[in-house]
Amino acid sequence: MTLEKLQSEIQDLSEVEINTIHKLVQALKRTRVSPLAYIEEMMNFQFMRYDEEEEAYIHRMCVTDELKNRYKILHGGITATFIDTAMGATAIQALGEETSAVTIDLQVHFLSPGKEGWLYAYTKFVKKGKTIITMESKVKDEQGKLIATASSTFFRLK
């Protein structure tokens with residue numbers, strides 16, 4: 001694709017759409033040093049805090065129109081990606097930057113549709129073994145409504 005073709009493609013886009021494209025271009029560039037940058041940017045993925053009372057790591061994402069399915073609700077695959085990303089980030093945050101772990105399995109229960117605003121993943125460890133890490137996560141919307149629950153097993157590479 002040439003620059004001229006790209007310019008003709010974006011001529012009739014709104015300012016919001018142009019800003020979205022700019023954000024995604026920046027994220028695409030960051031993938032050169034951080035492989036998850038594009039996905040995290042697409043979801044507006046953020047670490048919020050560790051909640052000592054709940055013993056949970058809290059991450060959030062924003063439901064945008066681009067992430068919705070034909071029924072105008074958050075696509076289930078994006079919900080699962082959010083949970084998997086939050087769990088992976090939790091492993092690194094809790095066990096250290098040198099930790100490397102990959103998902104063995106992920107079981108998600110979709111309970112309510114994500115429609116708009118921020119969703120929060122509350123992730124806890126069930127077991128932190130030498131090679132196997134098990135976690136659970138609950139996803140809630142801004143009103144505290146339960147959107148999904150999940151459990152996952154990760155294989156610890158190092």
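The values are calculated or read from the model by the stated rules, or taken from the named source; none is laboratory data. Not measured: the values here are computed from a predicted model. Here the Cβ positions follow ideal geometry from the backbone for every residue, glycine too, while neighbour counts run over all protein chains shown. The area values use the complete protein model at the heavy-atom level, side chains included, leaving out ligands, DNA and RNA. Shrake-Rupley method; radii C 1.70, N 1.55, O 1.52, S 1.80 Å.
If you take all other residues with their beta carbon under 13 Å from the beta carbon of His109, and give Lys and Arg +1 and Asp and Glu -1, the sum is 0.
Computed with a 1.4 Å probe over protein heavy atoms only, the accessible surface of the range 1-115 comes to 67 Å² per residue. For His75, nonlocal amide neighbours, meaning residues 5 or more places apart or on other chains whose placed amide H falls under 5 Å from its own, are Lys68, Asn69. Legend: helices of the chain (whole DSSP H runs) are marked when their alpha-carbon atoms reach 20 angstrom or more along the helix axis and their mean Kyte-Doolittle hydropathy is at least 0.5; marked are 76-95.
Considering only the Cα atoms of the range 30-122, their convex hull presents on average a projected area of 6.9 nm². For the chain, the ratio of Cα radius of gyration to the globular rule of thumb 2.2 N^0.38 Å stands at 1.15.
Over 18 Å between C-alpha atoms is what I'm after, so list which of Lys23/Lys145; Lys23/Lys115; Lys68/Lys115 land there. Going by Cα-Cα distance, Lys23/Lys145; Lys23/Lys115 fall outside the 18 Å limit. Here the chain has 51 percent of its accessible surface on carbon and sulfur atoms, given a 1.4 Å probe and all protein chains in place. The distance separating the Cα centre of the range 77-111 from that of the range 10-30 comes to 27 Å.
The range 89-158 gives an Rg/Rh value of 1.04, both radii derived from C-alpha positions and Rh following Kirkwood. Along the range 131-141 the Karplus relation, 6.51 cos²θ - 1.76 cosθ + 1.60 evaluated at θ = phi - 60°, assigns HN-Hα couplings of 10, 10, 10, 10, 9, 10, 9, 10, 10, 10, 8 Hz to successive residues, with x for each Gly and Pro. The length gained on full extension between Gln46 and Tyr71, counted as 0.36 nm times the residue separation minus their Cα-Cα distance, comes to 6.4 nm.
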